[in-house]
1. Remind me, relative contact order of the range 262-373 in percent, using alpha carbon pairs under 8 angstrom and six or more residues apart?
2. Hey, got the dipole for the chain? About the Cα centre, +1 on K and R Cβ, -1 on D and E Cβ, debye to the nearest 20?
3. Can you list, largest first and rounded to whole Å, the semi-axes you get for the range 258-360 by taking the square root of 5 times each eigenvalue of its Cα gyration tensor?
4. Would you list, by chain and number, the lysines whose Cα falls below 18 Å from the Cα of Lys96, excluding same-chain residues fewer than 8 positions away?
5. Going by average Cβ neighbours within 10 Å, how do the peptides 359-366, 76-83, 300-307 rank, with the highest at the top?
6. Please list, ordered by chain and number, the residues whose modelled amide H lies under 5 Å from the amide H of Ala4; skip anything fewer than 5 residues away on the same chain.
7. Lys118 versus Thr52, label points 7 Å from Cα toward the beta carbon: distance in nm?
8. DSSP H helices in the chain with Cα extent of 27 Å or more along the helix axis and mean Kyte-Doolittle hydropathy at least 0.0?
Amino acid sequence: MNTAKLILDGQEYELPIVVGSEGEQGIDITQLRAKTNFITVDSGFGNTGSCTSAICFINGEKGILRYRGYPIEQLAENAAFSEVCYLLIYGELPNKQQAAEFRDKLTHHSMIHEDMKKFFEGYPPTAHPMAILSSMVVSLSTYYPDAAENDVDLNIVRLLAKVNTIAAYAYKKSIGQPFIYPRNDLSYCGNFLHMMYAVPAEEYEVPKVLEDAMNVLLILHADHEQNCSTATVRLAGSSLANLYASMSAGICALWGPRHGGANQEVIEMLEMIRQDGSNYKKYVDLAKDKDSDFRLMGFGHRVYKNFDPRATILRKVADDVLEQMGINDPLLEIAKQLEDVALKDDYFIQRRLYPNVDFYSGMLYRAMDIPTNMFTVNESGMAPTILKLLTK
Ligand code: ACO
């Protein structure tokens, strides 16, 4: 079958079938309006692909996520985030030399123009870091005004390198501490955590377990098909808005609680349960009660119906971090109890509601002492695929 038939007012039209990288099929309606004067209605784009892409593959029923054909489990176990960036952008894992050169570029482009530090001064201490991140990213376009015509690869590197610094500066601004400059001897993730937690008066060594956890977190969030923020970047970029402006639009889209902001809601829910006497059973019952709007945040997924492969990976990482850092946190205790209930309770089993990636990433960020409103920042500007999609 390589065409689909559509009958409108008795007239038959043939529409081409496109076949994806894993054999999935779609009906190509790009000529529909020209040929029939009809359009389609698909609010939410649940049935609509806006482009073909060989970057990412998801099978929600089987819990499969692959980047360029590599299972996410393999990448999370063996790769550095910078290598995964390279894979997503250029289609192949780098060899040793390519990996070293790319890592070196990410390191050497990590400083932002000194004048940009003044921009941070204008925000109130309570400013949400996502607002700061998006405005700083669009501000980069004023320093690189020729990004549209000029070396695409260089601008990808600039953006990946500088969002690390911007994210850490946004945090330092919110707690009133001096900015810590990027260091060239640290890894991408090590550098980020160093800029977050070091203070000028003291030596600070990033614990290896946290650096590894951040590496996994960034790999797991590097791509997820045509999701809300990626689609937003593509839409903004389609007007030929520059790279930084388009990325800034995507960062704003990611901010919302139905997208990148869900892990923040997980922690807020756990905090609410703690303040209410840690009676987690009450909230499980409330989530099951059809007269209540309450849902357990961090449970269920639109696509993954058996398990979310990213959640399985993060669950183990979260256990390692909690154990190795000796963390004893009442919120994380409540999270474990909710997880236990959800995995055994018929309501959740029948509806295939498992803890999702946001449940564990929320726990992990909390264990890493990353403030709740910074969670989404960590996952945002650093997503490399968005950059390449835009520049294709
Ligand atoms: N708690 C309690 N009940 C739930 C939950 C939940 N978290 N999620 C779904 N349900 C129930 C629904 O009430 C519904 O029950 P019913 O069949 O008796 O009416 C059934 O499960 C199916 O729910 P839908 O909303 O149809 O499932 P859908 O697949 O459309 O929604 C979603 C998925 C939006 C993620 C949902 O599970 C949810 O709201 N979860 C909480 C928010 C969250 O964690 N979001 C982050 C998702 S991960 C990510 O985006 C990266």
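Bear in mind that the values in this text are calculations on the coordinates, not laboratory data. Remember, it's a predicted structure, so these values are computed and weren't measured experimentally. Every residue, glycine as well, gets a Cβ built from its backbone with ideal geometry; the counts of neighbours run over all protein chains shown.
1. It comes to 41 percent, rounded to a whole number.
2. Charge dipole, the chain, about its Cα centre: 500 debye, nearest 20.
3. Over the Cα atoms of the range 258-360, the semi-axes work out to 20, 18, 13 Å.
4. Filter leaves Lys105.
5. In decreasing order of mean packing, 359-366, 76-83, 300-307 become 359-366, 76-83, 300-307.
6. Leu15, Ile17
7. About 5.0 nm separates the two model spin labels.
8. 152-175
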